[in-house]
1. Dipole size in debye (nearest 20) for the chain around its Cα centre, Lys and Arg Cβ +1, Asp and Glu Cβ -1?
2. Using only the Cα atoms of the chain, each taken as one equal point scatterer with no solvent, compute I(q) by the Debye sum, divide by I(0), and report log10 of the ratio at q = 0.07, 0.11, 0.12, 0.14 Å⁻¹.
3. In square nanometres and to one decimal, what's the mean projected area of the convex hull around the Cα atoms of the range 30-186?
4. Taking 0.36 nm per intervening residue step and subtracting the Cα-Cα distance, what contour gain separates Ala246 from Ser80 on full extension?
5. Connecting C-alpha atoms closer than 10 Å in a GNM of the chain, tell me which of Arg174, Arg104, Arg47 has the biggest fluctuation.
6. In deg cm²/dmol, rounded to 500, what helix-only [θ] at 222 nm does the chain give when every DSSP H run of at least 4 residues adds -39500 (n - 2.57) and the total is split over its residues?
7. How are the C-alpha pair distances of the range 124-252 spread across 10 Å bins, as whole percents from the shortest bin up?
8. Under the Karplus relation 6.51 cos²θ - 1.76 cosθ + 1.60, θ = phi - 60°, what is the ordered set of whole-Hz ³J(HN,Hα) values for the range 69-75, x standing for Gly and Pro?
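Every read-out reported here was derived from the displayed coordinates using simple, explicitly stated rules and does not represent laboratory data. What you see is a predicted model, and the numbers here were worked out from it, not measured in a lab. For neighbour counting, all protein chains shown are included, and Cβ atoms are generated from backbone atoms with ideal geometry for every residue, glycine included.
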Amino acid sequence: MNAPDQAVDVRVEPAAASGPPAADTGQGADSWALRVDLAAAFRMAARLGWQEAVANHFSVALRRAGGEFLINPRWRSFASLRASDLLLLPAPGPADTIPPEIDRTAWAIHGTMHAQLPRARCILHVHPTYATVLSCLRDATLRPIDQTSARFFRRVAIDRDYGGMADNAAEGLRLTRALGDRNVLLMGNHGVLVVGDTVAEAFDALYHVERACQTLVLAYSTGQPVVTLSDEVAESTARCWEDGGAFARAHFAAIKQRLDIEEPGYAH
Ligand SMILES: [Zn+2]
């Protein structure tokens with residue numbers, strides 16, 4: 001996939017400066033709505049301090065069947081990304097080279113996952129402080145100690161085989177397998193990756209993963225023994241969170257309302 005002597009056979013479509021771009025993918029307003037949602041996710045992630053300098057990536061496939069996906073261009077701050085800045089790329093085939101507009105690790109992780117795992121329509125990968133701290137502990141289990149952490153009871157995959165920068169298709173495939181049928185992958189000694197059917201659902205899950213990790217890490221840091229919920233209570237609490245995405249949609253709508261007032265440029 002990374003052969004340097006092969007022509008770049010990918011399409012990168014710049015969008016219009018604002019509004020639904022006429023030359024978009026034939027998805028029209030739906031495609032533009034995805035751009036706006038992903039841009040909102042970047043802006044709020046910046047506010048929450050999740051981005052590692054100008055690294056890390058969020059992506060969303062235009063269709064549930066996978067294929068073409070939107071992603072942030074290489075080395076840009078989440079804080080200034082606009083809907084029209086996002087790249088539209090095809091999911092990579094085995095002979096494709098890395099488009100110059102995208103970071104190698106983004107192509108390896110997001111490109112591979114969009115090609116191999118269509119159910120992961122939206123993929124968010126960052127190194128937020130508390131999830132990353134938990135990922136570095138010998139026991140990286142996201143223990144259910146309150147109702148937020150209980151949401152993820154037995155629902156987090158943990159990768160223990162970090163092998164350096166994820167800059168090749170093999171690493172993307174390995175991470176895809178490590179995620180399995182879960183929606184959250186705690187990437188050992190690295191960070192976290194969350195997938196969802198919509199940007200709203202993935203963002204809401206990532207938000208609560210980081211909140212849960214914050215509570216757990218701070219609880220550990222007191223030095224006092226931490227009380228874990230019983231399996232029965234943890235499981236019943238986790239099921240209470242499963243509402244078909246209604247809470248996530250309300251959460252994300254509130255985020256966009258706030259951005260619409262405070263930094264409306266994200267939607268341009
Ligand atoms: Zn990373």
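1. 280 debye
2. Values, matching the q order: -0.24, -0.59, -0.70, -0.95.
3. Here the figure is 9.4 nm², rounded to one decimal.
4. Length difference between fully extended and current span is 56.9 nm.
5. Judging by the Gaussian network model, the answer is Arg47.
6. Value at 222 nm, helices only: -11500 deg cm²/dmol.
7. In order of increasing distance, the bins hold 13, 44, 34, 9, 0 percent.
8. Result, rounded to whole Hz: 9, 8, 7, 6, x, 4, 6.
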